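Chemist: Take a look at this one; I'll ask things after.
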Amino acid sequence: MLVKREVKVYSNRQQLYRTKGRHWKKIQGNVIVQHHQLRDYCMKTVEMNRRSTAILKLLGPPLYRNPTFQRLFVLYNAQNRGFIEGCRPIIGLDVCFLKGPFRGQLMAAVARDGNTQMYPLVFAVVESECKDSWSWFLFILTNAIGSVDEMGWSFISDRQKGLVEAFEQLMPMAEHRLCVRHLYVNFKLRFKDKSLKQLMWATATSFSENGFLQNLEEIKRVDLNAYNYLTKISPELWCKFKMSPRAKCDMLSNKLCESYNNYIKEAREQPILTILETLRRQLICKYDKKRRGVWEISGGLTTFVVNLNRNTCTCREWDITGIPCTHVVCAIFTDDKSPEAFVHPYYYVQRYKSAYSHIVYSHVSSIVNSSQSNEIIMPPPFKILPGRPKKSRKKEHDEIANGTRVTRKGRNMSCTRCGDTSHRTCKRPPMENSTLDRQATDAAAKFSGIPSTQTSTQASKVGFTFNTITSNMTRREKG
């Protein structure tokens with residue numbers, strides 16, 4: 001209907017699908033041809049990136065007559081060296097499904113850098129998520145980055161299919177944490193009490209064994225079944241007090257891997273070769289960005305980008321003032337540098353001293369004693385302005401006047417007759433308790449010698465007006 005309405009072209013659904021497929025092949029290339037080029041792509045990857053790992057696993061006879069793609073593992077040497085030299089020894093594992101024509105799964109290992117941000121380590125394309133594929137992935141990974149016994153790696157993951165069994169088979173002594181957030185998702189399906197959520201997280205985040213046991217006892221007091229459910233899970237999998245101090249990371253959630261899945265969301269829809277190229281370009285851009293001294297600083301709900309080489313921050317405070325803002329200082333400290341080195345030279349002590357280093361010489365006496373010309377310079381014509389000469393400038397309406405004079409600033413002015421604040425005076429009869437009414441009452445009291453409260457009542461009864469009272473006062477003074 002959209003094609004008919006917008007383009008005025010009448011076609012059936014099959015014609016539209018065939019047209020979409022032809023254009024997809026022109027944009028992305030033939031999907032089958034991309035699989036034909038995988039072997040050459042892996043060889044080129046190792047050739048251009050020395051000591052990198054690119055392993056292609058194929059299936060052949062008797063299952064298939066021709067070699068058929070099954071799995072692909074890619075680890076660049078830059079990722080490997082950067083992880084070993086600059087990241088903490090903790091690795092997050094996760095898997096996400098691909099949306100291309102042949103589907104499959106994308107396994108990823110993500111580390112954590114010194115800025116507590118994700119560090120993509122390795123990715124692999126496999127046929128499905130199972131114990132065999134996870135064992136294959138972990139075996140190649142530990143051979144490339146070093147064994148657990150040698151390097152002491154720690155791992156964190158969700159409860160993926162076959163992953164726990166693969167750890168028990170390949171690395172039974174490795175520290176393997178489970179994402180507490182996913183544990184709680186399964187926990188709350190059985191136990192609906194909201195107070196158990198806080199107790200469970202308090203138990204998981206306890207750094208001491210006493211705190212862990214106290215929180216468990218509190219859970220036992222609230223719900224015995226919840227207590228029995230949690231005690232069946234080994235504390236090494238989800239409690240901080242059992243974590244190894246080697247990793248220097250108390251991470252209980254696998255959010256880094258989830259962020260990486262969102263980071264590669266567009267690549268997951270592409271064919272196999274386009275996926276590999278998209279991930280490679282993302283790595284190049286990320287490494288180049290971090291090498292240039294570019295940081296992303298989160299301030300509440302807003303993220304600011306700081307470039308230390310260009311002396312810029314997206315909040316623009318540093319750009320305008322030349323003094324590092326709070327976001328820049330955070331990036332500077334993270335980079336182990338001094339904030340004083342990033343202050344603009346205008347604020348240097350040398351600049352300040354240079355401004356006053358020159359001398360203004362006196363020459364008044366030489367001018368008085370000697371004249372270089374006989375021409376006399378006259379002053380400009382004197383102008384007499386109307387009004388009294390003013391020696392002080394006219395102040396603005398919002399300025400505070402100097403001295404002790406009391407002004408009307410801040411007072412709410414109103415009409416003396418009706419009391420309305422929209423005007424100053426009017427011809428309406430004076431209202432009760434208005435300024436004019438009070439003046440008339442005081443004048444009547446002065447005229448008759450009666451107190452003002454009584455005069456006001458009597459004046460209202462007799463029908464006195466202000467004009468009558470003032471006229472009587474005038475006759476009395478004259479008499």
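Since every read-out is calculated from the coordinates, none of them should be taken as a lab result. These figures come from a predicted structure and were not determined experimentally. As a convention, Cβ positions derive from the backbone with ideal geometry for all residues, glycine included, and neighbour counts pool all protein chains shown.
Chemist: Please work out the C-alpha center-to-center distance from region 170-197 to region 210-275 and express it in whole Å.
Modeler: 6 Å
Chemist: Under 5 Å between amide hydrogens, which residues at least 5 positions from Ser154 or on another chain qualify, with H placed 1.01 Å from N in the peptide plane?
Modeler: Ile90, Ile91
Chemist: Report the calculated FRET efficiency for Asn186 and His344 (r = Cβ-Cβ distance, R0 = 56 Å), to the nearest 0.05. Provide the component values of the computation, followed by the final result.
Modeler: Numbers: r = 55 Å, r/R0 = 0.99.
With R0 = 56 Å, the Cβ-Cβ based efficiency is 0.50.
Chemist: Output ³J(HN,Hα) for region 423-428: one whole-Hz value per residue in order, computed from phi by the Karplus curve 6.51 cos²θ - 1.76 cosθ + 1.60 with θ = phi - 60°, and x for Gly and Pro.
Modeler: 8, 8, 8, 7, 9, 6
Chemist: Related question: Sequence-distant or interchain residues sharing an amide H contact under 5 Å with Tyr119, placed H: which?
Modeler: Ala111, Arg112, Asp113
Chemist: Which whole-Hz couplings ³J(HN,Hα) result when phi for each residue of region 249-265 is put into the Karplus expression 6.51 cos²θ - 1.76 cosθ + 1.60, θ = phi - 60°, listed in order with x for Gly and Pro?
Modeler: Each residue of region 249-265 in turn: 8, 9, 5, 10, 10, 9, 5, 4, 5, 5, 5, 5, 4, 6, 5, 10, 4 Hz.
Chemist: Can you give me the Cα centroid spacing of region 72-93 and region 335-362 in angstrom?
Modeler: Each part's Cα centre sits 45 Å from the other's.
Chemist: For the pair Tyr356/Ala78, report the inter-label distance in nm, with labels modelled 7 Å from Cα in the Cβ direction.
Modeler: 5.2 nm
Chemist: While we're looking at this one, here's another question. Given H placed 1.01 Å from N in the peptide plane, which residues other than close sequence neighbours of Leu98 have an amide H under 5 Å from its amide H?
Modeler: Amide H to amide H, under 5 Å and 5 or more residues apart or across chains, Leu98 pairs with Gly104, Gln105, Leu106.
Chemist: Turning to a different aspect of this structure: Rounded, prolate or oblate, given the Cα gyration tensor of region 156-239, with a/c below 1.5 counting as rounded? Write down the numbers at each step before the final one.
Modeler: Details: a/c = 2.34, a/b = 1.61, b/c = 1.46.
Cα axes put region 156-239 in the prolate bin.
Chemist: Moving on to the next point. Determine the shape class of region 7-118: with a ≥ b ≥ c the square roots of the Cα gyration tensor eigenvalues, call it rounded for a/c under 1.5, and otherwise prolate if a/b is greater than b/c, oblate otherwise.
Modeler: prolate
Chemist: Is the C-alpha gyration tensor of region 29-91 telling us rounded, prolate or oblate? Criteria: a/c under 1.5 is rounded; beyond that, a/b larger than b/c is prolate, otherwise oblate.
Modeler: Because a/c hits 1.5 or more and a/b exceeds b/c, region 29-91 counts as prolate.
Chemist: Using θ = phi - 60° and the Karplus form 6.51 cos²θ - 1.76 cosθ + 1.60, what ³J(HN,Hα) does each residue of region 183-192 get, whole Hz, x for Gly and Pro?
Modeler: In residue order, the calculated couplings are 5, 5, 4, 6, 5, 6, 5, 9, 10, 8 Hz.
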